[in-house]
Amino acid sequence: YAHLVPLAEALRRDTPVSRRLLWGNAGSALAGAVRQLDEWARKAGRGDVAERAAALAAELFAHPDLSGAVHGPGMRRNTCCLYYRAPRGGLCGDCVFDRPPGRPAH
């Protein structure tokens with residue numbers, strides 16, 4: 001709350017961006033950090049670190065603002081970050097879409 005809430009409020013004050021999208025981005029970042037910690041911990045034989053990271057993330061994802069931000073064991077996001085709209089953009093690594101909206105499957 002000390003960092004993300006003021007940042008989200010400032011962004012929303014100046015741009016028409018969804019609160020849910022901002023919290024989805026925060027959830028995606030948390031999920032990415034957990035994936036990296038898990039990978040490192042398992043390679044280093046530190047299962048205790050992987051378990052602690054997962055437990056801390058579970059506590060954070062239980063918070064109402066982050067609850068529902070990601071789903072499944074791969075922690076795939078439930079909201080779109082809109083990266084596909086950027087010039088030469090595409091899908092993020094945990095994208096809610098299987099392909100960019102409006103583009104046919106090949």
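The values are calculated or read from the model by the stated rules, or taken from the named source; none is laboratory data. Here the structure is a predicted model, which is why all the values come from computation and not from measurement. Cβ coordinates were reconstructed from backbone atoms using ideal geometry, including for glycine residues, and neighbour counts include every protein chain displayed. Note: accessible area is taken over every heavy atom of the protein model, side chains too, but ligands, DNA and RNA are not part of it. Shrake-Rupley method; radii C 1.70, N 1.55, O 1.52, S 1.80 Å.
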Please go through region 4-48 and give me each residue that is of a type outside the set (S, T, Y), under 22 Å from N78 (Cβ atoms) and part of a loop (DSSP other than H, G, I, E, B), ordered by number. P16, V17
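Can D38 be described as over 21 Å from G93 (Cα atoms) and out of contact with any Pro (no Cβ under 8 Å at 6 or more places or on another chain)?
Criteria not met by D38.
From L82, L91, L37, which residue is among the hydrophobic types (A, V, I, L, M, F, W, C) and in contact (Cβ under 8 Å) with a residue 24 or more places away in the chain?
Of the residues listed, the single one that is among the hydrophobic types (A, V, I, L, M, F, W, C) and in contact (Cβ under 8 Å) with a residue 24 or more places away in the chain is L82.
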Across region 3-17, the tally of residues that are of a type in the set (A, V, I, L, M), open to solvent by 60 Å² or more (accessible area, probe 1.4 Å) and closer than 15 Å to D65 by Cα stands at 2
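For region 57-73, how many residues are of a type outside the set (S, T, Y) and surrounded by 11 or more Cβ atoms within 10 Å (Cβ to Cβ)?
Start the filter on region 57-73 by keeping residues that are of a type outside the set (S, T, Y), which leaves 57-66, 68-73.
Pick out the ones that are also surrounded by 11 or more Cβ atoms within 10 Å (Cβ to Cβ) and you get 57, 60-61, 63, 65-66, 68-71.
Here the count works out to 10.
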